[in-house]
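Student: Please see the structure below; I have some questions.
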Amino acid sequence: MTHTLSAKEQPLSKIFSDEYVFTIPGYQRPYSWGVEQARELLDDLLGYMQSGGTKLDEVAPYFLGSIVLIKRESAPDARVVDGQQRLTTLTLLLSAIRSVVSDEKVRAGITKRIYEQGDVVTATDNHYRVSLRERDQQFFRKYVQHEGGIETLVALNDELPDSQDRLRANARHFIEALSALDQSALVRLVQFIATRCYLVAVATPDLDSAYRIFGVLNSRGLDLSATDILKAEIVGGITDAAKRDVYTRKWEDLEEDLGRDAFGELFSHVRMIYRKAKPHGTLLKEFREHVGPPDAIAFIDSVLAPIAQAFREVTDEDYASQRHAEQINDTLRWLNRIEFKDWLPPALAYFIRHRNDPDAMRRFLADLERLAYAMLIRKTGVNERIERFSRLTTAIEQDADLYADTAPLQLSPGEQYATYAALSGPLYATHSARALGVILLRLDALVSDGSKTMAHDLVTIEHVMPQQPKPDSAWAKWVVSPQERASWVHRLGNLALLNRKKNSAAGNYEFDRKKQAYFSKGGSCAFPLTTQVLQQSQWTVPVMEARQSELLSALERHLRLQSRSAIAPVSVAGSDKDGPLFEIASAKNQLHARGRQIDGQFLVYAGSTARANWSGINGGYKPLYEDLVESGALDAAEGDIRKFTQDFYFSSPSAAAAVIWGRSANGRADWLVKDTGQTLAEWERGVPAGGLSGIEAESGQAEL
């Protein structure tokens, strides 16, 4: 019998075995996962593993989704139609663990999951589990799959193609994050990945069938969705038949008004309003656990209907009022441009309580936009965003003062400082094109007369001074030093917006030709930011400095960053009401630091010690560490340590722990309650010391 389709749920130990030889066809897009996706994958794996039992077989299986393959049942060769991003990133993660773990047997075991070494005696070549597209294949083998390659990759400073640059960036993130873990935690992690993480491998022998399957798996169509099941459970729970018919129509009217896809998205936000934490299960499971509802009629009338109305007004930017409606909808347009949607649950929670107070709505949304854009600029990770916006939702529900300095809606002096520092830096190099496009569009509106919001389907970002000007060009004469060119090329003062596709040839035009042929159309330009460029006759360092200062000032005023400070003043003395005293103590490293959680920040007390030098990979909290040294908050090194000269507020326990260890750290594992020995994570969850198995419990004892 010929099998045209098979679907197997396989642990990764089977996926990365002789049963499969994966090849990424040349027609597939390049590797595209960035650090955000890599961070989320690793955070999810660590968090899920930590929430399981002490034994691996007690940890529930973790489902990584499905992959679609062109593959015959009798042969291992598999062309990947869907799933290359996960397979590539998982291989990269295994390689990073192999680099950091010290046990040679574990390293050898990981290598077998990455590739099977050839044998001279049998004249066989290396047998790779995953082969990328031809243009990236040798790079991936040399720097990721072969032993010792990833160490060379993270130290590589060469300019690389986008896909290879993403591999390098993700490798750097993985190695820095994994280096903070205890060796036993690393072993447990790789065992968890191999034995408890699953993919569904959907295989069919021909391309047409594979793409039909891919289309079905990636389109909602009219398949039964989680909201359909919830509708049956919730509305079906109404015993009165007449009322059940009425509320069936209400439910269906809400779904029709929003559209099926948006209605499903709405339920995810409702789940988050109640859950206030990153989901660890399906929408259906978590909705049942955290939302309920016990009373179907009350839920539809008092929760679902008002939130659905708020969701439509927010996403359609269609708030109606006799006052401030235009301003409110303009703010919503800027919020909706942001690539992440974690701000939506608190926005919906506020809408359903205050939509009839346009003054309150205008003030709240202006500050919500400020908070969201500051997070976008600082590249705040998904877990930190969820935690912050969940605290904001709680504050809204409790009718707390949202405009107090320490409220979750407001930016602390340290957050203002970090936002301003990010804006001052090489934004083009540090941010994705999509994120930077939104930031520059917002800035463009600020430097215009403010009379309208520009809307463009296609927006690209262009360097005014080229990245690599010709040696005999005017650009090279205006900015002679290559070091000075490198320091300016990616900063705000040298960036412009275009509403057309990039033209690589035009990027190196001389200035006059570039202005006429590329930056303008018929002598005019749609963007005030770019019009500023057209007004200049030369593009020198003083011109870029003046433009940088002007643009930074516009963002500083809008985001209200004037109170920024690397050193946040202590306003409240630590006491028991702020929670227990935490400490990091390592006799081996001469470290002893004390701190408390206060108003959503982490306070480290003066006299605490930190390592004398940053030993982690560049990036992360290294700039913060250097700022503390430069400002004197960390005094001059005495041997292997420095001391905090004053109390200092950090944005998170991990930021504080990273500065103390001089490398990336997991603050919820490293900070221990002085009196009980609980990790911060254990204290937050109300379990005794040792009550949480996995990474958070283990890494807290890594170097004691």
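The values are calculated or read from the model by the stated rules, or taken from the named source; none is laboratory data. Since this is a predicted model, take the numbers as computed values, not measurements. Here the Cβ positions follow ideal geometry from the backbone for every residue, glycine too, while neighbour counts run over all protein chains shown. With ligands, DNA and RNA removed, areas are computed over all heavy atoms of the protein, side chains included. Shrake-Rupley method; radii C 1.70, N 1.55, O 1.52, S 1.80 Å.
Student: What are the ³J(HN,Hα) couplings of region 422-433, residue after residue, when phi is run through the Karplus curve with 6.51, -1.76, 1.60 and θ = phi - 60°? Round to Hz, x for glycine and proline.
Tutor: Calculated HN-Hα couplings, in order: 5, 5, 7, x, x, 4, 4, 7, 9, 10, 5, 4 Hz.
Student: Note down the Stokes-Einstein diffusion coefficient of the chain in µm²/s, whole number, using a Kirkwood radius over alpha carbon pairs, 10 °C, and 1.306 mPa s.
Tutor: Answer, rounded: 56 µm²/s.
Student: A follow-up question, please. Quick one: if the Förster radius is 56 Å, what FRET efficiency do S424 and S74 give, using the C-beta to C-beta distance and rounding to 0.05?
Tutor: 0.40
Student: Here's another thing I want to ask about it. Give the cross-link partners of K514 among the lysines, using a straight C-alpha distance below 22 Å as the criterion and excluding same-chain residues fewer than 8 apart.
Tutor: List returned: K470, K477, K501, K502.
Student: Amide H of S66 versus every other amide H placed in the peptide plane: which residues, excluding those fewer than 5 positions away on the same chain, fall under 5 Å?
Tutor: It is V200, by chain and number.
Student: Counting only heavy atoms of protein chains, what accessible area per residue, in Å², does the chain have with a probe of 1.4 Å?
Tutor: For the chain, the solvent-accessible area averages 45 Å² per residue.
Student: For A546 paired with R363, estimate the spin-label separation in nm (one decimal), with each label point 7 Å from Cα along the Cα-to-Cβ line.
Tutor: 4.0 nm
Student: Out of the DSSP beta bridges found with both residues in the chain, what percent are antiparallel (nearest 5)?
Tutor: Of all bridge pairs located within the chain, approximately 75 percent are antiparallel.
Student: To continue, here is another question. To the nearest 20 debye, what is the magnitude of the charge dipole of region 34-83 about its Cα centre, counting +1 on the Cβ of each Lys and Arg and -1 on the Cβ of each Asp and Glu?
Tutor: 220 debye
Student: Report the relative contact order of region 298-375, percent, no decimals, based on alpha-carbon pairs under 8 angstrom and at least 6 residues apart.
Tutor: 34 percent
Student: Do you know the relative contact order of region 63-148, to the nearest whole percent, from alpha carbon pairs under 8 angstrom that are 6+ apart?
Tutor: 22 percent
Student: Restrict the search to region 309-348; then list the trypsin sites (Lys or Arg not before Pro) that DSSP places in a loop and that have at most 14 other Cβ atoms within 10 Å of their Cβ.
Tutor: Listed in order of number, the matching sites are R323.
Student: Using a Förster radius of 22 Å, what is the FRET efficiency between D316 and R260 based on their Cβ-Cβ separation? Nearest 0.05, please.
Tutor: 0.85
Student: For the chain, build the charge dipole from Cβ charges (+1 Lys, Arg; -1 Asp, Glu) around the Cα centre, then report which of T152, S74, H431 sits farthest towards its positive end.
Tutor: T152
Student: Quick query: amide H of Y128 versus all other amide H atoms, modeled in the peptide plane; which residues come in under 5 Å with a sequence gap of 5 or more or a different chain?
Tutor: Sorted by chain and number, the residues that satisfy this are E116.
Student: For R29 and K243 in one chain, what is 0.36 nm times their gap in residues minus the Cα-Cα distance, to one decimal in nm?
Tutor: That works out to 71.8 nm of additional length.
Student: Right, another one. Tell me the relative contact order for region 225-332 as a rounded percent, counting alpha carbon contacts under 8 Å between residues six or more apart.
Tutor: Relative CO of region 225-332 lands at 26 percent.
Student: To the nearest 20 Debye, how big is the dipole of the chain about its Cα centre, given +1 on the beta carbon of each Lys and Arg and -1 on that of each Asp and Glu?
Tutor: 1220 debye
Student: Which of the chymotrypsin sites (Phe, Trp or Tyr not before Pro) found in region 306-359 are in a DSSP loop and have at most 16 neighbouring Cβ atoms, other than their own, within 10 Å?
Tutor: Those satisfying the criteria are F340.
Student: Here's another thing I want to ask about it. Could you calculate the FRET efficiency of A108 with E484 from 1/(1 + (r/R0)^6), where r is the beta carbon distance between them and R0 is 45 Å, rounded to 0.05?
Tutor: The calculated FRET efficiency here is 0.40.
Student: Please compute the net charge surrounding Y31, taking Lys and Arg as +1 and Asp and Glu as -1 over other residues with Cβ under 12 Å from its Cβ.
Tutor: +3
Student: Taking the simple approach of a point 7 Å from Cα along Cα-to-Cβ for both A606 and L284, what is their distance in nm?
Tutor: Once both label points are built, they end up 5.9 nm from each other.
Student: I would also like to ask the following. Would you mind estimating how fast region 250-295 diffuses translationally, via Stokes-Einstein at 37 °C and 0.692 mPa s with the Kirkwood radius over Cα pairs, in µm²/s?
Tutor: Value of D from the Cα-based Kirkwood radius: 292 µm²/s.
Student: I need the shape label for region 1-100. Rule: rounded when a/c is under 1.5, else prolate if a/b > b/c, else oblate, with a, b, c from the alpha carbon gyration tensor.
Tutor: oblate
Student: Would you tell me the accessible area of W683, worked out with a 1.4 angstrom probe on the heavy atoms of the protein chains, in Å² to the nearest 10?
Tutor: Approximately 90 Å² for this residue.
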